[in-house]
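J.: Before I ask anything, let me first share the structure, which is written out below as structure tokens.
The values are calculated or read from the model by the stated rules, or taken from the named source; none is laboratory data. Keep in mind that what you see is a predicted model, and the values were worked out from it rather than measured. Please note: Cβ atoms are built from the backbone with ideal geometry, for glycine as well, and neighbour counts cover all protein chains shown. Heads up: the accessible areas ignore ligands, DNA and RNA and are worked out on the full protein's heavy atoms, side chains in. Shrake-Rupley method; radii C 1.70, N 1.55, O 1.52, S 1.80 Å.
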Amino acid sequence: MFGIWGHPDAARMTYYGLHSLQHRGQEGAGIVVTDGKRMKGIKGDGLVNDVFDEKKLDSLKGSGAIGHVRYTGKSGIENIQPLLFHSSSGSLALSHTGNLINANDLKHQLEMQGSIFQTNTDTEVLAHLIKRSGYLALKDKVKNALSMVKGAYALIVLTEDELIIAQDPNGLRPLSIGKVGDAYCVASETCAYDLIGAEYIRDVEPGELIIINDEGIHEERFSLSGSHAMCTMEYVYFSRPDSDIRGINIHTARKNLGKRLALEANVEGDVVTGVPDSSISSAIGFAETAGIPYELGLIKNRYVGRTFIKPTQELREQGVKMKLSPVRKVVEGKRVIMVDDSIVRGTTSRRIVRMLKEAGATEVHVCISSPPMTNPCFYGIDVSTHEELIASSHSVEEIREIIGADSLTFLSVEGMLKAIGREGLGKNCGQCMACFTGEYPTEIYPDTPLPYEKEME
């Protein structure tokens, strides 16, 4: 997500911000802008470049805007954010990342009270709760709505008059504030600020509500801060290396993950290679610590997106074929140590190991810079059922056999926390590690909707 208030070309700045955040979602993009009197939105399927051109950006006039790139989920343009609603009392646009674990229950209650839903998103549940609130001020409406939802959410609300930002009480999804000139901006990752020349100010705190309008910025709370639980996969995989989250640089964290992994793996090889792009930093750290040369053993086709966030398994497997190519002269006749960030379903790892061996690698040793992923995520990452997680039903040795590797090493939970720099910071060290440990930072409801379960149905 990206938002900005107080800039004469807000839509274009949002467009650039979304470009920097394209790695977070490639299925759709949207921008809503306000000129203080009216709000207008444009959205569509595909990459930011596919959705917007100069003509469309020129039509989005105003000094306040929010934008969103869609990760995955139910198809249909109506599900692409930001969601924009018009009413006699004013317009409202919302962008939201994360997953509300009580969305099914809330949606049922709202429908019983007469609400009609047009999308399959949690975001629309929030919109109905906000509009149905009896409070007069928007900030109080938002606070009232957030008091009823549970789970992970980073939220941006835009009206004709103001921008409101909120972070869930556990801080599960990243969100920060920046400033460019006299305009304030907000983004899911700090890398968005570099492209537009903005200055990072600070992270949005868990349970915090921030109001930005022509009078400036005002900070309040809608909830007491819970146990801080930033998603660990942000450090391992999801975020861009040039972003900082909670004061920790992603590249540095991943490099340290690789260094720690080299100490725990104790494996011999001739070359180290990383699976582009998210594992390159870890592979460099592994090679430095192990004293083994780092080489580009795998080349990425830059015009293919991230396979982990493809909406179906068939698309993920096709994406791997198109995305990666082995460098034969680098791996031929060599014992290759392949560093990757995670193994989710196992299909990608199996195909890469096979490619390396077909290119002449004598051995392929797979080293993973995170622990085995044994539990589903209910907070917005597309790891939705135990059945999809190979580590939930197979031992490390069984996984090794399935992917065809000569050896397989996962980083320990303790090693991961130490490498990221969160060791010794209390329970769970300020991280959500539920997908690795099964310890969820929030209660899980019996009807908790798995992320994108409607798509799977």
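J.: So I217 ticks every box in (1) part of a helix (DSSP H, G or I); (2) open to solvent by 40 Å² or more (accessible area, probe 1.4 Å); (3) β-branched (V, I, T) but one. Which box is left unticked?
T.: For I217, the failing item is (1).
J.: Also: Return the pairs, sorted by first residue and then second, in which the second residue is of a type in the set (D, E), the first residue lies in the stretch 280-299 and is assigned to a helix (DSSP H, G or I), the beta carbons are less than 8 Å apart, and the residues are 6+ apart or on different chains.
T.: S282/D341
J.: Filter the stretch 98-133 for residues that are of a type in the set (G, A, S), outside any strand (DSSP E or B) and in contact with a helix residue (DSSP H, G or I) (Cβ under 8 Å, 6 or more places away or on another chain) and give the result.
T.: Pass one, the stretch 98-133, residues of a type in the set (G, A, S): 98, 103, 114-115, 127, 133.
Next, only the ones that are outside any strand (DSSP E or B) stay: 103, 114-115, 127, 133.
Across the stretch 98-133, the qualifying residues are A103, S115, S133.
J.: If you don't mind, another one. Which of the residues belonging to the stretch 411-424 are of a type outside the set (V, I, T), closer than 18 Å to A265 by Cβ and free of Cβ contacts under 8 Å to residues at least 60 places away in the same chain? Full working, then the answer.
T.: Looking only at the stretch 411-424, we keep the residues that are of a type outside the set (V, I, T), and these are 411-412, 414-419, 421-424.
Cutting the leftovers down to closer than 18 Å to A265 by Cβ gives us 411-412, 414-419.
Residues satisfying the conditions are E414, L417.
J.: Could you look through the stretch 254-277, keep only residues that are open to solvent by 50 Å² or more (accessible area, probe 1.4 Å) and not charged (D, E, K, R), and pick out the one that is farthest from P371 (Cα to Cα)?
T.: N266
J.: Can I ask one more? Kindly indicate the residue of the stretch 29-50 that is under 22 Å from C191 (Cβ atoms) and out of contact with any Leu (no Cβ under 9 Å at 6 or more places or on another chain) and also least open to solvent (accessible area, probe 1.4 Å) among those meeting that condition.
T.: G46
J.: While we're looking at this one, here's another question. Of the residues in the stretch 117-134, how many are more than 22 Å from G380 (Cα to Cα) and at pLDDT 95 or above? Can you show your working first?
T.: The first filter runs over the stretch 117-134 and keeps only residues more than 22 Å from G380 (Cα to Cα), leaving 131-134.
Filter once more, keeping what is at pLDDT 95 or above: none.
So the answer is 0.
J.: Return the pairs, sorted by first residue and then second, in which the second residue is of a type outside the set (G, A, S) and surrounded by fewer than 18 Cβ atoms within 10 Å (Cβ to Cβ), the first residue lies in the stretch 30-54 and is on the phi > 0 side of the Ramachandran plot, the beta carbons are less than 6 Å apart, and the residues are 6+ apart or on different chains.
T.: From residues that are on the phi > 0 side of the Ramachandran plot, the pairs are G36/E160.
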